[in-house]
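To start, the structure under review is shown below, and the notes come after it.
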Amino acid sequence: LIQNEIYVAPKPKAKSEVKEAKSASKSASKTVISKKRKTVISKKSKAKTCTDTSGKNTARTIEKAPGESNISPNLKLKSTITSTSKLGQKGHGELNEKGNEGEDINHILVKEKECKNMFETLRKSVGLEHHMTLTAAFNLMDQWIGNYRLTLIDNLLMGKEIALMKICRRLGGQWKLKAVQMLAFCRWKQFRYKESLDLFYEFQDLAGKSAILLENMGHTHNSLGETDKAEECFLEALDRIERGDRGNKGGLLMGIGIVRKSRGDLKGSAEILLEALAFYKDSYKGVDHSIVAKSHTSVGRALEDLGEIKQAEHHFYEAVRIFWLTCGISPLTGNATKRLGDLKVKLGFMNQAQQLYHQALDMHVNFDTMDLRAILDILTVIPMLHITERCRVMLAKPDFDQYLPCITTLKKRIESEGLTVDGTLAVLLKAAAEIAIPGGRKGASMAIPMLEKAIKFFNTTAEADCSRLITQSKQMIEVAQKKLS
């Protein structure tokens, strides 16, 4: 998904106007790029206009909402302006020769702290509904959404204490747009794709269509398995870009590549995804950016499907390397690490695979929003490395007790978050117990209540025949009880 400032879609230009517009923008950009990066703030204007080295106006003027009053609080605020021209506007990394900003997790975490302090200061000084406080709140959520602090966003927008969503809907204007957009991103990253899609369509009703919005809607349709609708969104977005709308060609190519893969065209999918990767590598030449890593991940999956395991390994290695630098401990890093482990198994490097799986599991059980299917995938492949003799002899750490801290965290979170036991969670509990039992008495005592929960679901569900799972779970309880006695 693309995160952007509120963008009200312009009326796309007719195709006859595009050539003239392109030639004019070329001559203008030469002049702009030669100048130093600067921010021009007009005191007379009601809107703030930021001009950067790309020559793009990053502000959008929208109907003024009631919260945007001209109250002048007696408050002196320090602006954190960096003197170096190499630092990007968001403070996330250095700028390359094209004026595109890289990402650096250390800068990102510092920026998040600054935004949090600013929001808390303004909230206490001028109140929550003042336009400066609201601006600070969305700046903070911009940092949180990138760092996957999804519960914090949920609490700020929908919680009982603040409920910013209600305030923004009442104020209307840009605040309503910002709130709808932010909640859509949050729901998407919480795997609540249907809710996310509804919010994107609401945003479209408020602000109109744009290439950026269509791309986000396309990715969401893809996640719901609605490939025809996804393709329509991507193609319409590409057409709008050709007619002068702002957009992200690389992301659209990635989306179309995923659509082709879902239709069985593996070779065609790989070709388009490689084109997207080349686009991003050119755009972010000389700097690291998570979007390049995401593109490496898509290409790696496509090549793995084609049986090109060694080439796929290279792309996942690059993805993991860049994600660590740009995102740190993140679902993006965790997912890519697990996939790299899968490739290491196929190439016969069992010790490296085991270490990667352990890292991925440790990350996933500690994420803000747990992806139960991703955790289950990891728990399912770990036993094979330790039980199969040809794999076990390659491991530097062949014992199961190394996983007990992860299983302990997982068990505590399932209990504290009150997760309802469904089919996925029941199978996950059984898989976690299978790893815990060989870890000694502590693991055995932990495994028994997990297996009992799983058996309770297997006994009551009518979704499938679970008799085999029940038998296996009861046998595992007997083994655990013997260890304890």
Exercise. For N248, indicate whether it is within 28 Å of Y148 (Cβ to Cβ) and either open to solvent by less than 30 Å² (accessible area, probe 1.4 Å) or of a type in the set (D, E, K, R) (or both).
Key: no
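Given Q354, Q359, which one is open to solvent by 50 Å² or more (accessible area, probe 1.4 Å) and not assigned by the TED database to the domain that holds A444?
Criteria check complete, one pass: Q359.
Here's the yes/no breakdown for (1) among the aromatic types (F, W, Y); (2) in contact with a His (Cβ under 9 Å, 6 or more places away or on another chain); (3) open to solvent by 80 Å² or more (accessible area, probe 1.4 Å):
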residue	(1), (2), (3)
M363	no, no, no
D368	no, no, no
D371	no, yes, no
I387	no, no, yes
K397	no, yes, yes
Practice problem: May I ask you to say which residue of K285, K281, K294 is closer than 16 Å to G250 by Cβ and not in a helix (DSSP H, G or I)? | Solution: K285
Quiz item: Any idea which residue in region 327-337 is farthest from T380 (Cα to Cα), counting only those that are touching an Asp or Glu at 6+ places or on another chain (Cβ under 9 Å) and open to solvent by less than 30 Å² (accessible area, probe 1.4 Å)?
Solution: C327
Quiz item: Does region 410-441 hold any residues that are open to solvent by 50 Å² or more (accessible area, probe 1.4 Å) and part of a helix (DSSP H, G or I), and which are they?
Solution: K412, E415, S416, V427, E434, P438, R441
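Here's the yes/no breakdown for (1) over 30 Å from N366 (Cα atoms); (2) charged (D, E, K, R); (3) open to solvent by 60 Å² or more (accessible area, probe 1.4 Å):
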site	(1), (2), (3)
L122	yes, no, no
A136	no, no, no
D154	no, yes, no
K160	no, yes, yes
K166	yes, yes, yes
R169	yes, yes, yes
K176	yes, yes, no
C186	no, no, no
Practice problem: Keeping to region 403-419, report how many residues are over 14 Å from A444 (Cα atoms) and not aliphatic (A, V, I, L, M). | Solution: 8
Quiz item: Which one of these is at pLDDT 95 or above and within 19 Å of the chain's Cα centre (by Cα): A237, A230?
Solution: A230
Quiz item: Which one is surrounded by the most Cβ atoms within 10 Å (Cβ to Cβ) among residues in region 206-238 that are among the charged types (D, E, K, R) and part of a helix (DSSP H, G or I)?
Solution: E215
Self-check item: Sole exception among (1) crowded, with 22+ Cβ neighbours inside 10 Å; (2) more than 21 Å from Q181 (Cα to Cα) for E242, by number
Solution: (1)
Quiz item: Looking at region 299-326, which of its residues are open to solvent by 20 Å² or more (accessible area, probe 1.4 Å) and either among the small types (G, A, S) or outside any helix (DSSP H, G or I) (or both)?
Solution: L306, G307, E308
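The values are calculated or read from the model by the stated rules, or taken from the named source; none is laboratory data. It should be emphasised that the depicted structure is a prediction, and the values quoted were computed from it without experimental measurement. Positions of Cβ are backbone-derived with ideal geometry, glycine not excepted, and every protein chain shown enters the neighbour counts. The area values use the complete protein model at the heavy-atom level, side chains included, leaving out ligands, DNA and RNA. Shrake-Rupley method; radii C 1.70, N 1.55, O 1.52, S 1.80 Å.
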